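Here is the structure we will look at.
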Amino acid sequence: MSTVASASAVKDLREKTGAGLLDCQKALTEANGNIEEAITILRKKSGGKVDKLAGRATKEGLIESYIHVGGKVGVLLEVNCETDFVARNDDFKAFLKDLCLQIAAANPLYVSRDQVPEADLAKEREIATASLAGKPPAAVQKIVEGKLEKYYSTVCLIDQPFVKVPEKTVKDILGEAIAKIRENITIRRFTRYQLGN
């Protein structure tokens, strides 16, 4: 049995997700008024929208800065979007602030996997296989792949657990921001400064 969503619940869901009025109403009806379940429904449906937006050019955006309390860690971050209108949007600015906080806290080295030098990957593979002598080749390959995944989640910003919501990755948060703002967003580059390094 489905229930009709109240106007306040629809408004609350729209503020949390940025989804359209009708989409929020349908999701709440499908979730029998449960906001958390409705958010999940909208996230599942917005996955296709995110994929459609991914190919669009991002030539606008902002450079955000962050200096951690005490002035010992600082971050400069460039994130691009499609229009200057979105670059001035409060949701976009909040997303950038969260990313700066992530970079300051988790100290990634690269934005994504494609930026990791092959020499670094070869070194990680060598380290991972060194202690696996005598194991079957198929097992070695799976263990090495698992260790590389862990390495990526340490050095690649996009693969790291998000500091504010550790059960999500930065990639998940980026997808949510794209779905909410309804424009393609690209994390272009960042620099993290630490006193003495």
Open item on the list: It is to be established whether one or more residues within the range 75-95 are in contact with a strand residue (DSSP E or B) (Cβ under 9 Å, 6 or more places away or on another chain) and small (Gly, Ala, Ser).
Closed with: yes
- [ ] List every residue pair whose Cβ atoms lie under 8 Å apart, where the two residues are 6 or more positions apart in sequence or sit on different chains, the first residue falls within the range 66-94 and is over 13 Å from GLU183 (Cα atoms), and the second residue, located anywhere, is in a loop (DSSP other than H, G, I, E, B).
- [x] GLY71/LEU195; LYS72/LEU195; VAL73/LEU195; GLY74/HIS68
Open item on the list: Being assigned to a helix (DSSP H, G or I) and in contact with an Asp or Glu (Cβ under 7 Å, 6 or more places away or on another chain) is the filter here; which residues of the range 148-169 pass it?
Closed with: LEU148, TYR151, TYR152, SER153
Open item on the list: Criterion first (touching a Ser or Thr at 6+ places or on another chain (Cβ under 6 Å), at pLDDT 90 or above and surrounded by 14 or more Cβ atoms within 10 Å (Cβ to Cβ)) does LEU99 satisfy it?
Closed with: no
TODO: All but one of (1) over 18 Å from GLU64 (Cβ atoms); (2) surrounded by 13 or more Cβ atoms within 10 Å (Cβ to Cβ) hold for ALA105, so report the exception by its number.
DONE: (1)
Task: Residues of the range 137-181 classified as within 20 Å of LYS97 (Cβ to Cβ), surrounded by 13 or more Cβ atoms within 10 Å (Cβ to Cβ) and among the hydrophobic types (A, V, I, L, M, F, W, C), total - done: 11
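The values are calculated or read from the model by the stated rules, or taken from the named source; none is laboratory data. Please read all numbers here as calculations on a predicted model, not as lab measurements. Cβ coordinates were reconstructed from backbone atoms using ideal geometry, including for glycine residues, and neighbour counts include every protein chain displayed.
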